[in-house]
1. Can you give me the distance in nm between label points at GLU23 and ARG128, each placed 7 Å from the Cα along the Cα-to-Cβ direction?
2. Using a Förster distance of 22 angstrom, determine the FRET efficiency expected from the C-beta separation of PHE90 and ASN148, and round it to 0.05.
3. Rounded to the nearest 0.05, what FRET efficiency is calculated for LYS157 and ASP177 with R0 set to 30 Å and r the Cβ-Cβ distance?
4. Can you list residues from other chains, or at least 5 along the same chain, whose modelled amide H is less than 5 Å from the amide H of ARG124?
5. Ranked highest first by the average count of other Cβ atoms within 10 Å around their residues, in what order do 168-180, 125-137, 26-38, 141-153 fall?
Amino acid sequence: MGRPIGIPSHRKGVSVESEYGKERADKITQKISNATTEQMKKSGGYWLGKKRPPISYAHKQRISESSKGRVHSEEVRKNMSLAKTGEKVFTFFRGTFKKRIRESTNYKEWRLMVFGRDAFTCQRCGKRGCYIEAHHIISFSELIKKHNIIEYNQAIKCEELWNIDNGITLCVDCHSDVDKYRNKFKKWWGNKKWHTYMIKVRVSYH
């Protein structure tokens, strides 16, 4: 039996709402939901009002393997970002945005100017000749939030973000003690794993 006249076939990428309009789409969705509930009741309704059991580790591994190499569209990535942050309106990809700023010429120049002012010496323990880092006294994230920076160009133009008076030179160990986020991970990972991670960080900077 063929498809009834006037009912279009399903087209990939076309939502029910764009196909029929919001009002009719809501009715269709509700109708499908009611039909599914009725079907579950007829079959015994085992899952009605219950939570499914947690997924086993082996099942998670199979899902992970099947997802490898899959490239999500930008729209899907935006929806995933909103789900993680809990925000209603998408502004930017958090990780990508901050990474772009930290890899910018402005950031590298700010870092070098802080080192030069402090004579390439840790301002907390006095070490010199070791691997050093530039620490933001007022954190990078706080400044981005304070100035409501949502675009890369806004960050580049923000003078306070590149003020060297807000920077201080620290060695890796002192930076780990001063920075609350680093300190948390250092305690969580343990000294051996933490030092292995920091070696990778040092290599990536050179």
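Since every read-out is calculated from the coordinates, none of them should be taken as a lab result. Quantities reported herein were computed from a predicted structural model and do not represent experimental measurements. Please note: Cβ atoms are built from the backbone with ideal geometry, for glycine as well, and neighbour counts cover all protein chains shown.
1. The two pseudo-label positions are separated by 7.9 nm.
2. With a Förster radius of 22 Å, E is 0.90.
3. For R0 = 30 Å, the calculated efficiency reads 0.35.
4. Distant-sequence amide H within range of ARG124: CYS171.
5. Descending mean neighbour count gives 168-180, 125-137, 141-153, 26-38.
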